[in-house]
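A quick write-up on the structure given underneath.
Coordinate-derived values only; no laboratory data. Since this is a predicted model, take the numbers as computed values, not measurements. Heads up, the Cβs are rebuilt from the backbone with ideal geometry, glycines too, and the neighbour counts pull from every protein chain shown.
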Amino acid sequence: MSTIFVRSVLGQSRRSVFAAPARLASTSAKQSTLKERLADLIPAEIENVKATRAAHGKKSFGPVIVDQLYGGMRGLPALIWDGSVLDADEGIRFRGKTIPECQELLPKAPGGSEPLPEALFWLLVTGEVPTQEQVATLSKEWAARSAIPEFVEEILDRCPPTLHPMSQFSLAVTALNHDSAFAKAYAAGISKKEYWGPVFEDCMDLIAKLPNIAGRIYRNVYGGGKLPAIDAEKDYSWNLATLLGFGDNKEFVELMRLYVTIHSDHEGGNVSAHTGKLVASALSDPFLAFGASLNGLAGPLHGLANQEVLVWLRKMQSKLGENASDEAVKEYVWSTLKAGQVVPGYGHAVLRKTDPRYMAQREFALKHLPDDPMFKLVAQVFKIVPDILLAAGKAKNPWPNVDAHSGVLLAHYGLTEMQFYTVLFGVSRAFGVSAQLIWDRALGAPIERPKSYSTAAIQKMFANKQ
Ligand code: FAM
């Protein structure tokens with residue numbers, strides 16, 4: 001992230017706390033917990049936002065055109081989202097760091113080579129690379145908060161196995177609002193300045209409880225017996241993998257570390273992130289807000305695409321057999337388009353190049369499972385689909401997104417239940433949404449209320465204009 005200097009009304013130069021180089025910025029953070037570090041950072045960031053608004057508040061980003069109102073608000077600058085920014089060509093940066101930079105810089109598990117999601121969360125919240133010790137403290141803290149209330153277990157146990165895992169996930173997360181620290185503090189009359197404290201507690205609880213929720217859904221729906229207990233000596237991804245029944249497989253645990261890290265955040269305009277921010281802007285607590293995020297993530301054009309990709313690949317494989325020729329795959333892709341369907345895992349509303357999240361997973365596959373037949377099919381599809389989408393002439397981005405690759409990695413290790421895949425995306429997305437909700441309340445973000453227009457109003461507005 002480039003260094004940001006703004007001139008305040010008082011003429012003083014201020015520097016965003018997040019623009020500071022992580023090594024310098026984290027010096028004072030060595031011994032502090034995440035909450036203590038946040039408490040240090042918040043006053044300066046409040047001043048920074050004030051100064052930014054004073055210096056730039058009345059400046060325009062350019063015109064809004066009517067097509068943007070009808071076109072899903074594409075490209076409309078409308079939100080502040082501090083954890084990550086998406087560049088159309090380069091892809092995502094988490095607090096200014098690319099995925100390869102995060103893979104290099106963030107603390108890892110002993111013997112591991114993928115970043116720990118705990119470290120990514122620290123980075124998203126503070127803008128700083130944490131120490132190994134801070135990451136270990138966070139793992140322990142999440143383990144200590146991981147139990148879910150008995151009535152939430154009962155809700156999940158009563159769900160019919162035919163209820164989609166994402167619906168079960170959303171039900172359970174919404175029900176956690178029963179114990180929301182923020183909802184209780186608000187009812188007790190907490191001052192606006194103090195909102196971020198209980199929101200932080202709720203977000204920590206939310207993230208901590210997700211492995212137990214995901215593990216319970218997985219075992220209830222697909223079998224696998226009693227859930228093991230969370231191990232407070234192990235990291236979040238090890239526990240998540242273990243609760244799903246794959247903890248013995250070191251490569252799967254590493255995959256979870258990479259998976260949660262790269263799926264965590266994708267700036268603020270995507271459906272799950274924006275929904276969470278929007279709902280929380282009404283001061284709904286983080287559980288209600290993230291439950292809503294999950295309902296958006298469950299759509300096939302968004303997070304459900306990871307399920308759809310594998311369904312599509314399996315159909316292709318059963319029709320064409322293994323080792324299908326390029327010609328046969330091309331024909332299959334065209335038949336999908338001619339049937340009026342999308343090629344799942346390809347295209348993006350913002351990206352215009354191959355998603356670096358796809359590339360990170362491809363590198364993982366090349367390292368760990370280069371001979372897997374489904375990986376080979378994914379690689380073959382990668383060679384073929386972009387040209388076809390370009391020839392079809394509709395999609396603005398013919399390149400693969402994150403979902404084109406994730407399912408095949410999970411399936412390789414035996415997690416073959418495709419309907420469950422979006423739950424793992426949801427566990428990861430809680431990291432990015434939570435980081436933003438904490439800052440939104442710390443910075444006093446207002447209730448969202450954009451202006452809408454009717455078609456009749458648009459016609460009237462431009463009736464006598466060229
Ligand atoms: N296959 C076929 N047609 C596609 C396409 C694809 N993969 N991607 C875009 N198009 C079509 C799109 O449906 C639209 O058609 P109409 O004009 O008939 O409505 C046209 O191309 C222009 O769309 P666009 O401007 O390029 O994309 P949008 O910004 O409207 O939509 C996506 C973006 C992601 C919803 C779209 O590319 C898509 O449907 N992709 C397949 C589903 C998918 O992989 N979603 C996951 C996205 C992922 F990153 C995530 O959120 N997890």
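Data for the structure
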item: Peptide ranges 339-345, 193-199 listed from the most packed, as the mean C-beta count within 10 angstrom indicates; result: 193-199, 339-345
item: Alpha-carbon Debye profile of segment 303-413, log10 I(q)/I(0) at 0.16, 0.21 Å⁻¹; result: -0.67, -1.21
item: Segment Ala282-Lys465, length gained on full extension (0.36 nm per residue, minus Cα span); result: 62.1 nm
item: Extension gain (nm, one decimal) between Ala147 and Tyr70, 0.36 nm per residue minus Cα-Cα; result: 23.3 nm
item: Segment 96-191, relative contact order in percent, only Cα pairs under 8 angstrom and at least six apart counted; result: 15
item: Alpha carbon convex hull of segment 48-119, projected area averaged over orientations, nm²; result: 7.4
item: Vicinal HN-Hα couplings computed from phi for segment 213-228 (Karplus, 6.51 cos²θ - 1.76 cosθ + 1.60; Hz; Gly/Pro x); result: 5, 4, x, 5, 4, 4, 6, 4, 7, 10, x, x, x, 5, 5, x
item: Order of Leu76, Leu310 - criterion: other Cβ atoms within 10 Å of each residue's Cβ, fewest first; result: Leu76, Leu310
item: The chain, relative contact order [Cα under 8 Å, separation at least 6], %; result: 19
item: Pairwise centroid distance, computed over Cα atoms, of segment 302-329 with segment 220-275, Å; result: 25
item: For segment 102-158 and segment 440-458, distance of Cα centres in Å; result: 33
item: Radius, Kirkwood style, for the chain when every pair of distinct Cα atoms is counted (Å); result: 23.3
item: Whole-Hz ³J(HN,Hα) from phi, Karplus 6.51 cos²θ - 1.76 cosθ + 1.60, for segment 92-99, glycine and proline x; result: 7, 10, 8, 6, x, 10, 6, 4
item: Rough spin-label spacing in nm, given labels placed 7 Å along Cα→Cβ, for Ser191 and Lys59; result: 3.3
item: Linear extension gain, Asp372 paired with Glu327, 0.36 nm per residue minus alpha-carbon span; result: 14.1 nm
